[in-house]
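Worksheet: the structure to be examined is printed underneath.
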Amino acid sequence: MAFPIPKFHWCMSMSAGSDGSKIYLCVSIDCECDKGPGWKTRKPLSFAAITTGIAERLQPLFRRHGAKPTYLLSPEVIRDPASVEALTAIASECELGTHLHGEFAEPGAFEPEVTSVFQCHYDRATEQEKLRGLTALFADAFLTKPRSFRAGRFGIGRHSLGILADLGYTVDSSVTPFKDWAQAGAPEASFRQAPTQPYWPVLEKPAQIASEPGSLFEVPVTIRPGALSWLPLIGRHFEPRWLRPTKGSLGGLISVAKDEIAAASGRPILLNCMFHNVEIMPGLSPYAQSQAEADAILNRLDGLLAFAARQGIATIGLGDVPGLFC
Ligand SMILES: [Zn+2]
């Protein structure tokens, strides 16, 4: 009787994929002012999920695992002196990048009830001004240029990557494979056919691989199809599985990582876990109202980092990724 041969022996270290490809993990965190149920912005603006959430909960966890996270900062965070002080204190052990919620960015900045804008809906000049303003804000605060970016609501469009490349960014991480954002109001932000592994994108078509290397690398969020995604017609309405500690179980999180590793081959393999800083604090996001719920999210992240450490998978910054592929 023949037994199927497993593709991997999971009891052993899997720092290399089935073809010997080296495996890396990024943990990229969208960092914003404190929110609440329904993603409502807390007024007056507050930043406990930076000054306490990152400084006292997240970064100590990453430090314990010897992991380098990437904190992607929305404009209002960079305008807050206490947040800048807290982030400057940990800058040597993490990567800092930017995250655009256009409502908070000049020109025309204001404090929205919820951040609902997709940057692909701005005209090119407005999008460019807001990205330029965000980038200058970052450079003034941290005395260095950001390398990595993610759009608020993943809403990049045909102008976004070219503007980012002109501003000196080397990594975008806005692409969400197997997802489009049509139901949220942005059919332009469609990544259903996008690669799940890093690639040089066509700047005007972020989900497409360019024929030549460029200056801006795309590092998609790690997402795998859902169990029912294969169903004709209705499969697309089932949520795919994200490498994201927000919901579900640690086992589910690790199975997304394993599935991506099994599907990828030929080059370094990159896993990209995302979530928000506000998720690991009670009452500051839609996902955790109690301390126990906030702790559960942090514990799943802890478990993912422990899995990576056991398997010899290094956790690196988004800006470190292009160097692995050159
Ligand atoms: Zn955001």
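When Val175, Val219 are screened for being out of contact with any Lys or Arg (no Cβ under 8 Å at 6 or more places or on another chain) and either without any contact (Cβ under 8 Å) to a residue 12 or more places away in the chain or within 16 Å of the ligand (Cβ to nearest atom) (or both), only Val175 passes.
Results for (1) away from the ligand (no atom under 16 Å from the Cβ); (2) more than 29 Å from Lys22 (Cα to Cα); (3) outside any loop (DSSP other than H, G, I, E, B); (4) in contact with an Asp or Glu (Cβ under 7 Å, 6 or more places away or on another chain), shown as yes or no for each residue.
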site	(1), (2), (3), (4)
Arg150	no, no, yes, yes
Leu161	yes, no, yes, yes
Gly168	yes, no, no, no
Ala184	no, yes, no, no
Gln197	yes, no, no, no
Gln208	yes, no, yes, no
Pro213	yes, no, no, no
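Of all residues in segment 221-236, those satisfying the criterion of being within 25 Å of Phe275 (Cβ to Cβ) and either part of a strand (DSSP E or B) or touching a Leu at 6+ places or on another chain (Cβ under 9 Å) (or both) are Val221, Thr222, Ile223, Arg224. Which strands (runs of 3 or more DSSP E) does segment 8-101 wholly contain that include 2 or more residues that are hydroxyl-bearing (Ser, Thr, Tyr)? Passing ranges, in order: 23-31, 70-73.
Scanning segment 239-292 for residues that are in a helix (DSSP H, G or I) and of a type in the set (S, T, N, Q), we see that the one that is surrounded by the fewest Cβ atoms within 10 Å (Cβ to Cβ) is Gln291. Does Thr115 fit the bill of being of a type outside the set (Gly, Ala, Ser) and within 15 Å of the ligand (Cβ to nearest atom)? Taking the combined requirement at face value, the residue satisfies it. Among the residues of segment 80-99, at least one is within 12 Å of the ligand (Cβ to nearest atom) and not basic (Lys, Arg).
For beta carbons closer than 8 Å, sequence separation of 6+ or different chains, a first residue in segment 242-262 that is of a type outside the set (A, V, I, L, M) and a second that is surrounded by fewer than 18 Cβ atoms within 10 Å (Cβ to Cβ) and not in a helix (DSSP H, G or I), the qualifying pairs are Lys258/Phe8; Lys258/Trp10.
Here is the figure for segment 293-310: residues that are over 16 Å from Thr246 (Cβ atoms) and crowded, with 21+ Cβ neighbours inside 10 Å total 1.
Here Pro146 fulfils each of the conditions (1) assigned to a loop (DSSP other than H, G, I, E, B); (2) more than 17 Å from the chain's Cα centre (by Cα); (3) not β-branched (Val, Ile, Thr) apart from (2).
Values in this text are rule-based calculations from the coordinates and carry no lab data. Fair warning: this is a prediction, and the values are worked out from it, not measured in the lab. Reconstructed Cβ throughout: ideal geometry from the backbone, glycine too, with neighbour counts over all protein chains shown.
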